[in-house]
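This report refers to the structure that appears directly beneath it.
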Amino acid sequence: MRIEFLNCSARNEIGFTALNNINLTLREGSFNIISGDDKSGKSFLLYLARGQVKSTEGKVLIDKDPLAEFSRKRLYLHQQNMPLLTKNPELIGRLNVFDNVSLPLQIRGIGQYEIKKRVRNALKQLDIRHLELARPKNLAAGVRQRICIARCIALRPKAILIDDIFFHLNSKEKQMVNELLITLNLSGATILLVTDITRIHRIEGARYLTLWRGELSPA
């Protein structure tokens with residue numbers, strides 16, 4: 001998936017600038033890392049790419065089509081193809097791990113055999129295959145984060161947006177997730193990862209940028 005931000009600016013009603021004239025092209029299959037502080041606008045950029053928010057100026061193109069012109073159905077499909085991983089894992093407490101990971105696949109109407117294969121493979125890659133019947137509320141934050149990542153992997157998305165997901169992970173888990181992201185990227189997924197400027201993760205072949213007060217610059 002190719003993502004383009006063309007002259008994108010975003011300001012709220014009191015004049016705070018989240019993004020200021022952003023021009024950025026994420027080529028299909030590229031790995032992009034943007035660092036910045038809490039008020040840099042980096043999370044807003046992710047929401048903008050998914051169509052969850054709108055810019056006050058400029059436009060976003062998805063595979064050269066204006067995101068603002070997507071129908072409701074196409075926007076829903078777009079967001080399914082571009083999952084967002086955040087540092088606050090969002091899981092359904094009444095469902096076990098397997099069902100949490102499989103739910104988006106069930107919504108898509110994928111067959112049960114394929115669902116089982118994808119889910120168990122994803123859980124195995126995150127070293128949580130043994131927890132498929134556990135309830136998320138009984139698990140540590142780092143494990144819940146890996147469940148969310150497994151759910152993303154099972155979807156086989158065209159692009160992945162990542163908002164500082166390493167916050168709850170230990171060094172071994174970070175290395176595991178880094179390797180998985182590289183594998184997904186090599187298989188063709190476009191990746192945009194935003195992180196705090198103090199927690200930059202070095203990944204070979206990635207492009208690094210800095211977002212400061214709504215403005216982008218090379219890292």
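Taken together, the values in this text are just the output of simple stated rules run on the coordinates, not laboratory data. Not measured: the values here are computed from a predicted model. Here the Cβ positions follow ideal geometry from the backbone for every residue, glycine too, while neighbour counts run over all protein chains shown.
If each Cα of segment 52-111 is one equal point scatterer, what is log10 of I(q)/I(0) from the Debye formula at q = 0.13, 0.28 Å⁻¹? Cα-only, vacuum Debye calculation for segment 52-111: -0.51, -1.25.
Calculated on the Cα set of segment 1-118, radius of gyration then Dmax: 16.7, 52 Å.
Of the residues Leu48, Leu184, the one with the fewest other Cβ atoms within 10 Å heads the list, and the complete ranking is Leu184, Leu48. Mean silhouette area of segment 150-219, derived from the convex hull of its C-alpha atoms and averaged over all directions, reads 5.3 nm². Note on Leu133/Arg27: beta-carbon distance plugged into 1/(1 + (r/R0)^6) with R0 of 25 Å gives a FRET efficiency of 0.05. In segment 89-155, Cα pairs under 8 Å separated by at least six residues give a relative contact order of 51 percent.
Only helical runs count toward this figure. For the chain, summing -39,500 (n - 2.57) over DSSP H runs of n ≥ 4 and dividing by all residues gives -10500 deg cm²/dmol at 222 nm.
Our summary gives the chain a relative contact order of 32 percent, counting only alpha carbon pairs under 8 angstrom and 6 or more residues apart.
Pairs Lys87/Lys174; Lys87/Lys172; Lys117/Lys137; Lys42/Lys73; Lys42/Lys87; Lys124/Lys172: which are spaced more than 22 Å apart, C-alpha to C-alpha? Over 22 Å Cα-Cα: Lys117/Lys137; Lys42/Lys73. Placing +1 on the Cβ of every Lys and Arg and -1 on the Cβ of every Asp and Glu, with no other charges, gives segment 89-155 a dipole of roughly 80 debye about its Cα centre. Our analysis of the chain gives Rg over Rh at 0.97, with the two radii drawn from alpha carbon positions and Rh computed by the Kirkwood formula. Which of Ser217, Val177, Ile34 sits farthest toward the positive end of the charge dipole of the chain, with +1 on the Cβ of Lys and Arg and -1 on the Cβ of Asp and Glu? It is Val177.
3J(HN,Hα) along segment 42-49, derived from phi through the Karplus expression 6.51 cos²θ - 1.76 cosθ + 1.60 where θ = phi - 60°, amounts to 5, 5, 4, 4, 5, 4, 5, 5 Hz, with x in place of Gly and Pro.
Placing +1 on the Cβ of every Lys and Arg and -1 on the Cβ of every Asp and Glu, with no other charges, gives the chain a dipole of roughly 740 debye about its Cα centre.
Histogrammed with a bin width of 5 Å, the alpha carbon distances of segment 91-219 distribute as 2, 10, 19, 21, 20, 13, 8, 5, 2, 0 percent, first bin at zero. Pairwise alpha-carbon distances in segment 89-155 exceed 20 Å for 15% of all pairs.
Each DSSP beta bridge with both residues in the chain is either parallel or antiparallel, and the antiparallel ones are about 50%.
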